[in-house]
Amino acid sequence: MRVVFQLHNAEVDTVIQSRAAQAVEKLAGRLRRVVDATVRVAGGGAQQRVEITLRSPRRPALVAEGTGYRLDVALRSALDGLEAQIAKVREARARRVRAARQDAASA
């Protein structure tokens, strides 16, 4: 999986960039077959905005956005949103598997 950073009117420290890449890779490991991730950082003014997109085949892209006065706050907010979406996807899959096993056991 590759992580692409797109910076729009923002300067991102290499430490924050590497932390973001590690966090995105960790979250992507919880899903199957993630192709790539895009981290968009938009600065300008008092608000910083971070948008993270995870793409994988046969599944709609997961998109999470976070805003804050500091870049690390915006990044944490976006990562929390993405983590919540991944939890929903995983729970839905587990529900389908459990239902299929119950149907197979009762048949």
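The values are calculated or read from the model by the stated rules, or taken from the named source; none is laboratory data. Bear in mind the structure is a predicted one, so any value in this text is a computation, not a measurement. Here Cβ is always computed from backbone atoms with ideal geometry, including for glycine, and neighbour counts include all displayed protein chains.
List the number of the failed condition for VAL39; all other conditions in (1) surrounded by 18 or more Cβ atoms within 10 Å (Cβ to Cβ); (2) at pLDDT below 95 hold.
Against the list (1) surrounded by 18 or more Cβ atoms within 10 Å (Cβ to Cβ); (2) at pLDDT below 95, VAL39 comes up short only on (2).
Please work out which residue is modelled with the lowest pLDDT, limiting yourself to region 12-36 and to residues that are within 15 Å of GLU83 (Cβ to Cβ) and aliphatic (A, V, I, L, M).
Taking the candidates together, the pick is LEU31.
Between a residue in region 88-103 that is in contact (Cβ under 8 Å) with a residue 40 or more places away in the chain and any residue that is of a type outside the set (D, E, K, R), which pairs come within a Cβ distance under 7 Å, given they are 6 or more apart or on different chains?
These pairs meet every condition: VAL89/LEU31.
What about ALA84, is it loosely packed, with under 14 Cβ neighbours inside 10 Å, closer than 23 Å to ALA23 by Cα and modelled with pLDDT of 95 or more?
In short, yes.
Looking only at region 63-73, decide whether some residue is among the aliphatic types (A, V, I, L, M) and surrounded by fewer than 12 Cβ atoms within 10 Å (Cβ to Cβ). Before the answer, list the steps.
So the first thing to find is which residues in region 63-73 are among the aliphatic types (A, V, I, L, M), and the list is 63-64, 71, 73.
Restricting the remaining residues to those that are surrounded by fewer than 12 Cβ atoms within 10 Å (Cβ to Cβ) gives none.
Looking through region 63-73, none of the residues is among the aliphatic types (A, V, I, L, M) and surrounded by fewer than 12 Cβ atoms within 10 Å (Cβ to Cβ).
Here is a check on your reading of the model: is ARG59 in contact with a Leu (Cβ under 9 Å, 6 or more places away or on another chain), within 21 Å of MET1 (Cβ to Cβ), at pLDDT 90 or above and surrounded by 10 or more Cβ atoms within 10 Å (Cβ to Cβ)?
So ARG59 does not fit the description; no.
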